[in-house]
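One structure is given below, encoded as structure tokens.
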Amino acid sequence: MAVIILRYLEAENGKVEKAIHITNIANLRYLQTKKYQRVYWGVEFCQNLIPSLEDTQKALELTRRAGMGFTLVCPFVTESGIKRLDRILAWLKRERVCCEVVVNDWGVLELLNTDYKKRFEIALGRLLVRQQRDPAMKRVLEKQPPIGVKGKDGKIHIVVHRVPAEKYQIGVKSSYINSRANQRILSEFGIERVELNNLVQGVDLNGLKWKKSLYTPYVHISTTRFCPMDSKEQRTYRINVCKKECQKYYDILRNRALPKIIYKRGNTTFYKNSVNNRMALKAGIDRIVFQPEIPF
Amino acid sequence: MKIKAPLTHQNEVQFLCDAGADEFFCGIEPGAWRTQYENFCINQRVGSANFSKLGDLEKAIRIAHQNKAKVHVTVNAFFYLEKQYSAAKNIIRDALGAGADGIIIADFGLLSLMDKNLLKGKDVVAGCDTAVFNHQSTAFYKKFDVTRIVFPRAMTIGEMEDVIKQDGSLEYEAFILHDLCFFVDAFCAYCKESSAGIKQEGKEKKGVSFFAAARVPARGFGGGCRSRFSRQRVYLRGKKKSTPGKAFTFWGSKAALGCGACAIYDLNRIGVTCLKVLDRNLPTEEKVKATAFIKKCLDFLNGHTSKQHFISRCQALFKKTFKVRCDRYGCYYPSVFRSGER
């Protein structure tokens, strides 16, 4: 069987590769082959929405015809989810498709290192990079004016903000992957790229020798398996009560204490922080991943 | 099955042992760590939830060992800054030297830096922050010589059983009481101390407090799943939007406190070896009450009892112990009540 190598436009010197995140077949309507050089296919946060093998085959065919790069995005998974992913990976291996795989589960990373050794290029997904994603972080680091707060005792208490020490300010821009020990281990497991949130407080990229992708505009905050909690049955049983409500609506959450609006779609919450392409390139980012919809 | 109880002070040990604890988990955060690494915790709790002196920890371990109980020390921050690793290693070395029986970790980078001889014969526990949802993840962590896995909160009995069936060589631990989190610990930006919570610095003087965060300490916002929001729903078809302003919390009308006692019957059947009572921030009497409650539930397992009978007895005991009827809302493992659920 002929080896299928997806030809894609390498990021030219001085230019950032642009990728678009497509989560299902219906969202292929967002694909603009002239604007993007790569397709991210799949979901990050929910195993219930892992695309079928048939849809993956269609997406891959479309990508191949357009001469674009293909990246399979995998969520965190239980035993049932890992079987579904394994089916797709096994097909890609049989068809000798060389592509990237984004992992958001240590078990999937282990699977790629045992059953699919050196078959795919592996990127460490946002769930495993573990950045500090609190949307209020910017206010923590910038000097705020004093405020008066009425306490439970009825008295007014003056609250004065003390800007945290420099170590803390640097630390909240760091993540799991900044430590040399973790870099060594992850490289041994075949990690070649890391997927990053564009945090409101900035990102520390010092010492990161891997290739780096930056997602825009949605920064993921927290993920749950208790989704969506709308009906009594869902509030009681919480897991495996999904009727894919996330495909019908999303929620905008506001609180005066937060400088950012929170978007809640399905089992994950997000805030928006768009990327400045020029600044990203200057910082060493070689790929921007655009998410046309709130991801899931 | 063993009961693992939270520990913050050496004076608690005997009470908790008498209540039925077979193991303890605790943290140690020396003053030097806090001074040097302000607002970066050694584990997932801060301040009074940790021992601050090695001598106190040593005393606690001695009393625990006299009662044939093990002590695990938590060193489970998601990650550490480069400079913190050597300090964290020293803390682990000192804790193990003081007699601790094991450590609880979330950062395998820290584990890889440890002297393997130091960990020989000790329990190396992959905490719930390692997000082990499948057997391939257990295989991943076994490469770091982990001996026990703590299942994340958000798993059904069937999902845990699937993992244990694939790999029975490890010990498995499950949460059983208190502190039911809405989000997956490993994937939450507000997980305990890893977010920049409002931390009051020093005592209030003349009505003035200092906080190391700029979030207004308004009612209803502490970050995370217990916050109150105003919600607006946007429908994807037709792009219809609801009127903003509807009150919303992730938990619904009330936060779930968390009890998994009814699931002990199934947890025992599938091979979970340790039940973890939370949390370290509770007063001693609450920890003792919680531990004693789980011990009595375990005693119900002795003798031939049906699952239904076991559940009835646990629910009756819950009402008697906590003075509140079990309404299944705060259930850790509600899949127990669903027929055909796995």
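Quick rundown of the values:
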{"item": "Label point 7 Å beyond Cα of A:E166 along Cβ direction - residues of segment A:181-222 with amide nitrogen under 16 Å", "result": "none"}
{"item": "Within the protein assembly as shown: Cβ-based charge dipole about Cα centre, in debye rounded to nearest 20 (Lys, Arg +1; Asp, Glu -1)", "result": "2360 debye"}
{"item": "A:A90-B:K319 pseudo-label distance in nm [points 7 Å out on the Cα-to-Cβ vector]", "result": "5.1 nm"}
{"item": "Gyration tensor (Cα) of chain A, equivalent ellipsoid semi-axes in angstrom", "result": "35, 24, 18"}
{"item": "Where chymotrypsin sites (Phe, Trp or Tyr not before Pro) fall in DSSP loop in segment A:159-250, at most 10 other Cβ within 10 Å", "result": "none"}
{"item": "Carbon/sulfur fraction of accessible area - segment A:166-294, other protein chains in place, 1.4 Å, %", "result": "49 percent"}
{"item": "Total charge dipole magnitude, chain A, about the Cα centre, Cβ charges on Lys, Arg, Asp, Glu only, Debye to nearest 20", "result": "760 debye"}
{"item": "Percent antiparallel among DSSP beta bridges (both partners in chain B, rounded to 5)", "result": "20 percent"}
{"item": "Antiparallel DSSP beta bridges within the protein assembly as shown, as percent of all bridges there, nearest 5", "result": "30 percent"}
{"item": "Formal net charge of residues neighbouring A:L53 (Cβ-Cβ distance under 13 Å; K, R +1; D, E -1)", "result": "+1"}
{"item": "In nm, spacing of pseudo-spin labels at B:N90 and A:S52 (7 Å Cα→C-beta vector)", "result": "6.0 nm"}
{"item": "Residue-averaged 222 nm ellipticity for chain A, from DSSP H runs of 4+ at -39500 (n - 2.57), nearest 500", "result": "-7000 deg cm²/dmol"}
{"item": "In Å², nearest 10: area of A:R64 left accessible to a 1.4 Å probe", "result": "110 Å²"}
{"item": "Per-selection metrics, the protein assembly as shown (Cα): Rg and Dmax in Å", "result": "24.5, 80"}
{"item": "B:R237 paired with B:K120, simple spin-label distance in nm, labels 7 Å along Cα-to-beta-carbon", "result": "6.6 nm"}
{"item": "Span from the segment B:100-153 Cα centroid across to the segment A:92-140 one, whole angstrom", "result": "20 Å"}
{"item": "Inter-chain Cβ neighbour average for residues A:130-139, partner chain, 10 Å", "result": "6"}
{"item": "Solvent-accessible area buried by B and A, counting both chains, probe 1.4 angstrom, square angstrom", "result": "7400 Å²"}
{"item": "For the protein assembly as shown, with +1 on Lys and Arg beta carbons and -1 on Asp and Glu, the positive-most of A:M137, B:Q14, B:L257 along the dipole", "result": "A:M137"}
{"item": "Normalised contact order of chain B, rounded percent, pairs of Cα under 8 Å and 6 or more residues apart", "result": "19 percent"}
{"item": "Burial of 30 Å² or greater, segment B:128-174 residues [accessible area, probe 1.4 Å, versus chain by itself]", "result": "B:F133, B:N134, B:Q136, B:F140, B:K143, B:A154, B:E159"}
{"item": "Shielding by partners, peptide A:164-170 (average Cβ within 10 angstrom, other chains)", "result": "4"}
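The values are calculated or read from the model by the stated rules, or taken from the named source; none is laboratory data. Keep in mind the model is a prediction, meaning the values are calculated, not measured. Virtual Cβ from ideal backbone geometry, glycine too; neighbours counted across all protein chains shown. When the accessible area is computed, the model is the full protein with side chains, heavy atoms only, and any ligands, DNA or RNA have been set aside. Shrake-Rupley method; radii C 1.70, N 1.55, O 1.52, S 1.80 Å.
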